[in-house]
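Have a look at the structure below, then the notes.
What follows is calculated from the coordinates using simple rules that are stated; it is not laboratory data. Since the structure is predicted, the reported quantities are computational estimates derived from the model, not experimental observations. Cβ sites come from the backbone with ideal geometry, for glycine too, and all protein chains shown count toward neighbours.
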Amino acid sequence: MTNKKQTLTAWLCLLPAIIFLGIFLVYPMIDVFIYSFEEGYNFASQSYFGLGSYNYSYVLHDPYFIQALKNTFIIVLITVPLSTGIALIISLALSSITKLRELFQTIFFLPYVTNTLAVGLVFMILFQKTAYTDGMVNVLINLFGGESIDFIDGPYPAKMFVMCFYTIWVVLPFKILILTSNLASVDPIYYKAAQIDATPKWRVFFKITLPMISPMIFYLAITGFIGAFKAYSDEVALFGTDLNAAGMNTIVGYIYDMLYGNSGGYPSYASAAAIILFAIVFTITVINLLVSEKTVYYQ
Amino acid sequence: MKIVLENLTKKFPNRDKKMKEDVIAVNSFSHEITDGKLIGLLGPSGCGKSTVLNLISGLEKPTSGKIFFGDDDVTNLPPENRGVGLVFQNYALYPHLNVMENIRFPLENLRGKDKLTKDQMEVKVLETAKLVQIEGLLDRKPGEMSGGQQQRVAIARALVKKPRVLLLDEPLSNLDARLRLQTREELKRIQLETGITTLFVTHDQEEAMSICDSIVVMKEGRIMQHGAPQEVYDHPQNLFVAKFLGTPQINVFKGQIRDGGLFIGKDRVMDVNATAANGANDNRVQKEENIDRVQKKENSIRIQNKENEKTVARDVYVAVRPEGFVAVSDTDLKDILHCDFMKMEVMGRDTSIICTHEAFEGTVIRAIVPSESRPQFIGGEVCFKLKPSKVHVFDAETEEVL
Amino acid sequence: MSDTKDLEKIEKRDKSIKIVRGAARYLFLTFWALIVLFPFYWMIITSFKSYSSYNSEYVPRLIITSPTLQNYVSAFTEVSLGRYLINTFIFTVITTAIMLVIVVLSAFAFSRLEFPGKNIVFALFLSLMMIPNELVIITNYVTITDLGLRNSFPGLVLPSVISVFYIYLLKENFEQIPDELYKAAKVDGTSDMRYLRRVMIPIAKPTIITIIILKVIECWNSYVWPRLITDDESYFLVSNGIQEIRENGFGRENIPAMMAAVVAISVPLMALFLIFRKKIMAGVARGGTKG
C-alpha cells in the first residue's frame, strides 16, 4: 500500500534530523538539569558525591558570577533600548530619502557580515591606550579638550562604555534592516491621509508610524534581550579570553570558564549557571510578552 | 469654494526606464468648478482623473499650470494648508484607532487660534457622525466594520474639519452593488446638507450620471466634454463620450452621408439637413448648434457640413442608442435599417433585440424596445426605424460630432 | 480666508523646512556611516603600514605614506593564518552541506508526505527551537570529549549541523507549492524523491539560498563551540585563530600584522556580501522576521 510506503519514506527522511536533535539537543537538555544537581562531580572519574542544590548556591555566591551577572544586566539594559532606538532613527531617516539610499543601506549592513572577533580586535586597538600611543579615540577626545582614558585596561565605566558601544555597533545592522523593511510595509496612504489633515510630523510618528510598526519593535526588543543576555564573544573580542581578570565577564562567559580553560573542569557549576541564565531569559521574555499584549497594536 | 484649474499639466517619469519620454498623466487641463456643486470626474482607468484629484489636494505638484481656490493661488501650497478633505478609495482609516479617534484625528491637529477643547471636539465628532449615520459605531475599530460603514467613517473624517473642498477618490468602488446604490444617494444627501464643493472621481458612468450636478469626461489626460449629465448624454461631442456614457453601450456603425441622406451600409436611414457653418469650432457656437439639433425634424438629422458638398460621399460613424431603435414590421416603408436577427432577451418591461449588421463596428447590436411592441420577423431579418434624437453622427477621421 | 502674502509665506516656510529636514537627515546618516566604516578603513590602512612606522606614530595617521605588503606576508608565514582560513572553509562547507540535506529531507517529510503522528512530531520539533544553545553546549562538550572527537572536524561539525528554524522556514515554503504539481507528477509515475529533486527544490531555491547564506555567515563567525572543542592550533577556525594571534602571535605587539590577519579574515565574507548584496539582505530580513 502506498500509505505504508509513504510513512516509511517520511520516517526515513526525518531520521537524520531526529538522530541529531536527540543526541545534541534533547539529551543534553535533560542532562544539564541532572548535572546541575550532582554535587562534587569529578570530570576525570565521572563520579559525584550526592544530589542537591549546592551547585546553585555555590554559583550564586561566587563573586565572579555576581560580577558577570552585574555586567550582563548593565549590557542588556543599556544596549537593547539604545540600539533599538538608534536603529529606529536611522531607519526613519533611511526611508525618507531616495538618493544614496542603497549606498547607506549597504554600508549600515556591513558589520553584520564581519567576524565580530576580528573587528573587535580593531575596536580594542582604537580604544586602547598603550605606551606607544594613546589610540585613535583618545586623539579625538584630546581634540575636544578631554583627557586620555584607557578604555581597555582602565576604569570600569570606560570599559563598559566600549563594551556597549561595540555591542550596539554589532547588533544595529540587523535591526536597521528589519525596521527599514517594516517601515516600507506601512501603506503610504496613511501618511497621505495624515498630510491632508495637516498632521504635524511628530504626531504622524507617534500616532501612526509607531503603532503600526510596534509589533516589530517588540519583536526586536525581545530578540534583543535574549541576544544581549547571551553576550560573550564580543567581550572576548575586546578584553581577551580571561574576562574574569578584566572584570568584564558575562553569564555565558562564566559558564564557559567553568567548563573549560584555566579555571574549568566544573560542568556541574556550569550547568547550574546555564539554568539560572535560562530562567532569567525566560522570565524576561514572559514579562516582555505580557507588556506587549497591553501596548502593541496587532492587525 | 469655487475651484479654478488653469492649464494643468502633470508629467511622470516613465516607469520603463528605457523609455526616456515622460508619461503625461494630465494634459493642459482647464476647468472651473462652481461653488457648492457636486462634480463627477469620469473616465476609464488611467485617464488621469485621480491625478487631477491629487493635484487639487496638493499631494502632487503640477508640472505646469495653476490651481485657484476662490481667489487664492494654491498651486505651490502644501496639502496641509489647503483645507481639503480627501476620502481615499480604500478609505485609509487608521486601523489601530477606533471610529471616534479616527474622526477626531484631524481636529487634534489644529493649532493656534483654531485649537479646540476636548468638549468642542466631542461635539463636532458627534455632529459629523450623526450626519453620516454612524453614531452607534464610535468605539469600533475599522477592522470590525463593513465596507459601507468604513466608507462613512472615512467621509466623516474628511468632513469633520469643515473642509473648503471635499475630494472623493472612487468612493464607491469597494462596495457591493446594493450598497453602492444606497451609498451614492447618501453621498448626494450629505453634499446637499453641507453645501461643500465636492469633486469625485469614478470610472462608473452610471454613478456619476445619477448624482452629479455636472460631469467632466476625461480621456488620456484631456477633457473630452463637460456639462450636466443629461446634456452630455444627449449631445456627446465625440465618439469617445458617446461610447463611454450609457448602458448598454451605444451601437456604432460605419456610415456615409451622400445624396442628402444618411446611409448605414446600403440602407438609407435618414435625411440629412446640412447647415452651412463657418468652420466654427468654438465651444459656444457648438453649444448653440446643439440646441439647434434638439429640434430635429421627423426622420431627418441636421449636421454641420463644413464643405457644404452634398454630392460627394462622406464617411462617418453613426452611433445609435439602444433605445433609439423602433422595431417595424413593414419592410416597404422608407428609411429602414435591415439587420440580421440573432436572439431576443425579454426583460419584463423591455425587450433586447440582439442582431448584427455588416456595417456594425462591434460584435452585436443591442436594441431595446418596449416589450408590447415586439416585432414580427420576415426571413430572419429585423427592421428598425431610428429616432433622430438618439442618433449621433461623427466624422470618421476626427471622431468629432458633425 | 487668507491673502496672497500669507500663502506665499506658507509656501516659503514649507520649502525651507523641507530643505533643512533633508540636510539634517543626510548629515545624520553620513555621521553614522562614518562610524560604521571607520574601523574598516583603519584596519585596511594599518595593515599596509610597516611595523616601525606604525609604532613611531604617537598620533596615528589616517593615510599611508609608504605602503608595504610585509604584514600580509607575516600573517601567512609567521602565524598559521592560512591554516585557519582553510579550516574555516572546510568547516563551513561541510556543515552547510550536511545541514542542507537534513533540512531539505525533514521539510519534505513535513510538507509533502502523510504519516501518522506528523503534527505531533512537528510540534515537538518547534518546541525544540526554544532551547538555548548555552544550555546544551555543556553536555555536548562532554559527549564529544567522551567520543574522543576533540580536535577533529567531526567534533566541530556534528553538533552544528541541525537547525529546527531552517526546517520550519523551508517547510512553510514547500507547502506553498500547489498540490496539483504533485498529482501531475504522480500521474506521470514520478517517485517522491525525484519529485523533491526535480520540482520542489528548484521552486524553493530562493529560500534554500537564504538558508545557505545565513548558515555560512553563522559558520564563518562561530567562536564558542570551536573554542571549547579545539586546543590544537591546527584545527582552529578564524575566530579562535585571531584570538590566538592576538594573545600569542608574532612574538610582540605587531599591530599592523594583526590588522593584515583581520583583513584577510574579513575579506571572504565581505566579498560574498558585496556580490550577493540584494539576496543576502533580503534573506536576512526574511529569516529574521519569520521566527
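Could you work out which residue, out of C:K215, C:K15, C:K118, moves most in a Gaussian network model of chain C, that is, has the largest mean-square fluctuation with Cα springs under 10 Å?
C:K15
Of all DSSP beta bridges in chain B, what percent run antiparallel (nearest 5)?
Taking every DSSP beta bridge within chain B, about 75 percent pair in antiparallel fashion.
Are there DSSP H segments in chain A that both extend 20 Å or more along their axis (alpha-carbon positions) and score a mean Kyte-Doolittle hydropathy of at least 1.0? List them, or say none. Present the calculation step by step, with values, prior to reporting the outcome.
Details: long enough: A:2-21 (28 Å, 0.88); A:63-95 (47 Å, 1.62); A:156-184 (41 Å, 1.36); A:210-229 (27 Å, 1.73); A:267-295 (41 Å, 1.48).
Span-like helices, by this rule, are A:63-95, A:156-184, A:210-229, A:267-295.
Sort by residue number and name the cysteines in chain B that have no neighbouring cysteine Cβ under 4.7 Å.
Here B:C47, B:C212, B:C383 come out as lacking a disulfide-compatible partner, given the Cβ-Cβ threshold of under 4.7 Å.
What helices does chain C have that are whole DSSP H segments, at least 15 Å long along their own axis by Cα, and with mean Kyte-Doolittle hydropathy of 1.6 or more?
Those that clear 15 Å and a mean of 1.6 are C:81-112, C:118-128, C:255-275.
Taking the Cα centre of chain A as the origin, how large is its charge dipole in debye, to the nearest 20, when only Lys and Arg (+1) and Asp and Glu (-1) carry charge on their Cβ atoms?
Rounded to the nearest 20 debye, it is 1260 debye.
Near the amide H of B:M270, under 5 Å away, which other amide H atoms are found, from residues 5 or more places off or on another chain, if H is placed in the peptide plane?
So B:M270 has HN proximity to B:L262.
Could you tell me the calculated FRET efficiency between C:M129 and A:N142, based on Cβ-Cβ distance and R0 = 60 angstrom, to the nearest 0.05?
0.75
Given the -39500 (n - 2.57) contribution per DSSP H run of 4+ residues, what per-residue ellipticity at 222 nm results for chain A, rounded to the nearest 500 deg cm²/dmol? It would help to have the intermediate numbers written out before the result.
On the way: 15 runs with 212 residues, N = 299.
Taking each H run of at least 4 residues, the total per residue is -23000 deg cm²/dmol.
With r defined as the distance between the Cβ atoms of C:I17 and C:R61 and R0 fixed at 45 Å, what FRET efficiency is calculated, to the nearest 0.05?
Numbers: r = 42 Å, r/R0 = 0.92.
Once rounded, the FRET efficiency stands at 0.60.
Assign one of three labels to chain A, namely rounded, prolate or oblate, based on the Cα gyration tensor with a ≥ b ≥ c the square roots of its eigenvalues; rounded applies when a/c is under 1.5, prolate when it is not and a/b is larger than b/c, and oblate otherwise.
Judged from the Cα gyration tensor, chain A comes out oblate (a/c at least 1.5, b/c at or above a/b).
Would you tell me the mean number of C-beta atoms belonging to other protein chains that fall within 10 Å of each C-beta in B:148-158, as a whole number? Walk me through the numbers on the way to the answer.
Details: counts 0, 0, 0, 0, 0, 0, 1, 0, 0, 3, 3.
Counting other chains' Cβ atoms within 10 Å and averaging over B:148-158 gives 1.
Can you list the residues of the range B:213-250 with backbone N under 16 Å from a point 7 Å past the Cα of B:D204, pointing along Cα to Cβ?
Flagged as within label range: B:245-248.
Rounded to the nearest 10 degrees, what's the angle between the helix B:147-159 long axis and the longest principal axis of chain B, both from Cα atoms, 0 to 90?
With rounding to tens, the tilt is 70 degrees.
Given the options A:Y219, A:Y112, A:Y190, state which has the largest fluctuation in a GNM of chain A using a 10 Å cut-off (strictly under) for Cα springs.
Looking only at A:Y219, A:Y112, A:Y190, the largest GNM fluctuation is found for A:Y190.
For chain B, calculate the relative contact order in percent as a whole number, restricting contacts to Cα pairs under 8 Å that are 6 or more residues apart.
With pairs under 8 Å counted, the relative contact order is 15 percent.
To the nearest 20 debye, what is the magnitude of the charge dipole of the range C:71-287 about its Cα centre, counting +1 on the Cβ of each Lys and Arg and -1 on the Cβ of each Asp and Glu? Before the final figure, lay out each step's value.
Values: 19 positive and 17 negative charges, 163 e Å.
Magnitude of the dipole: close to 780 debye.
Of the beta bridges DSSP finds with both residues in the protein assembly as shown, what % are antiparallel, to the nearest 5? Intermediate results must be reported in sequence, preceding the final value.
Details: 67 of 91 bridges.
Around 75 percent antiparallel, to the nearest 5.
Spin-label point model (7 Å from Cα, Cβ direction): what's the B:R15 to C:E175 distance in nm?
Taking the simple label geometry, B:R15 and C:E175 are separated by 3.3 nm.
How about B:K118: which aspartates and glutamates have a C-alpha closer than 20 Å to its C-alpha, ignoring those fewer than 8 places off in the same chain?
A:D197, B:E101, B:E108, B:E127, B:E135, B:D139
Beyond a 26 Å Cα-Cα separation, which of these cross-linked pairs lie in this structure: B:K162/B:K243; B:K66/B:K188; B:K37/B:K219; A:K175/A:K207?
B:K162/B:K243; B:K66/B:K188
What average number of partner chain Cβ atoms lie no more than 10 Å from the Cβ of the residues making up A:96-103? Write down the numbers at each step before the final one.
Numbers: counts 3, 4, 0, 2, 4, 1, 3, 2.
For this peptide, the per-residue mean of nearby foreign Cβ atoms is 2.
Can you give the relative contact order of the range B:31-183 as a percent, counting alpha carbon pairs under 8 Å and 6+ residues apart?
29
Is chain C rounded, prolate or oblate when judged by the Cα gyration tensor, a ≥ b ≥ c being the square roots of its eigenvalues, rounded requiring a/c under 1.5 and prolate requiring a/b larger than b/c?
Because a/c hits 1.5 or more and a/b fails to exceed b/c, chain C counts as oblate.
Which aspartates and glutamates have a Cα lying under 18 Å from the Cα of A:K70, excluding residues fewer than 8 positions away in the same chain?
A:D62, A:D234, A:E235, A:D242, A:D257
Label points 7 Å out from Cα along the Cβ direction at A:D187 and B:D350: separation in nm?
3.6
Evaluate E = 1/(1 + (r/R0)^6) for B:K334 and B:L181, where r is the Cβ-Cβ distance and R0 equals 51 Å; express this FRET efficiency to the nearest 0.05.
The computed FRET efficiency comes out at 0.70.
Let me check against my output: what whole-number percent is the relative contact order of chain C, with C-alpha pairs under 8 Å and at least 6 apart?
Over chain C, the number comes to 31 percent.
Would you work out which of C:L124, C:L158, C:I242 lies farthest towards the positive end of the dipole of the range C:71-287? Charges go on Cβ: Lys and Arg +1, Asp and Glu -1.
Towards the positive end, the residue furthest out is C:L124.
With a cut-off of 13 Å, note down the residues of the range B:344-365 whose backbone N falls inside the zone around a label point 7 Å from the Cα of B:K266 toward its beta carbon.
B:358-359
Looking at chain C as a GNM with Cα springs under 10 Å, which of C:E218, C:E247, C:E114 has the largest mean-square fluctuation?
Most flexible of the set in this elastic network: C:E114.
Name the residue from B:V393, B:G324, B:L53 whose Cα lies farthest towards the positive end of the charge dipole of chain B, charges +1 on Cβ of Lys and Arg and -1 on Cβ of Asp and Glu.
In chain B, that residue is B:L53.
In peptide B:65-71, what is the residue-averaged number of other protein chain Cβ atoms found within 10 Å of each Cβ? Kindly include the intermediate steps, with their values, before the conclusion.
Values: counts 0, 0, 0, 0, 2, 1, 3.
Counting Cβ atoms of other protein chains within 10 Å of each residue's Cβ and averaging gives 1.
Could you work out how far helix B:283-294 tilts from the main Cα principal axis of chain B, as a 0 to 90 degree angle to the nearest 10?
Helix B:283-294 and the main axis of chain B meet at about 50 degrees.
Label the range A:1-122 by shape, choosing from rounded, prolate and oblate, from the square roots a ≥ b ≥ c of the eigenvalues of the Cα gyration tensor; if a/c is under 1.5 it is rounded, and otherwise prolate applies when a/b is larger than b/c, oblate when it is not.
Because a/c hits 1.5 or more and a/b fails to exceed b/c, the range A:1-122 counts as oblate.
Within the range C:71-287, count lysine pairs with alpha carbon atoms under 16 angstrom apart where the residues are 8 or more positions apart or belong to different chains.
6
For the residue pair A:D62 and A:I86, what label-to-label distance in nm results when each label sits 7 Å from Cα along the Cα-to-beta-carbon direction?
The two pseudo-label positions are separated by 3.2 nm.
Pop out the ³J(HN,Hα) list for the range B:23-39 in order, Karplus 6.51 cos²θ - 1.76 cosθ + 1.60 with θ = phi - 60°, rounded to Hz; leave Gly and Pro as x.
Whole-Hz 3J(HN,Hα) from phi for the range B:23-39: 8, 9, 7, 10, 10, 5, 8, 10, 6, 10, 9, 6, 4, x, 9, 9, 10.
Considering amide H positions built from the backbone, and no H for Pro or chain starts, which residues 5 or more places from B:M218, or on another chain, come under 5 Å of its amide H?
B:L42, B:G43, B:M224
Which angle between 0 and 90 degrees, to the nearest 10, do you get for helix B:118-131 versus the longest principal axis of chain B when only C-alpha atoms count?
Approximately 20 degrees, to the nearest ten.
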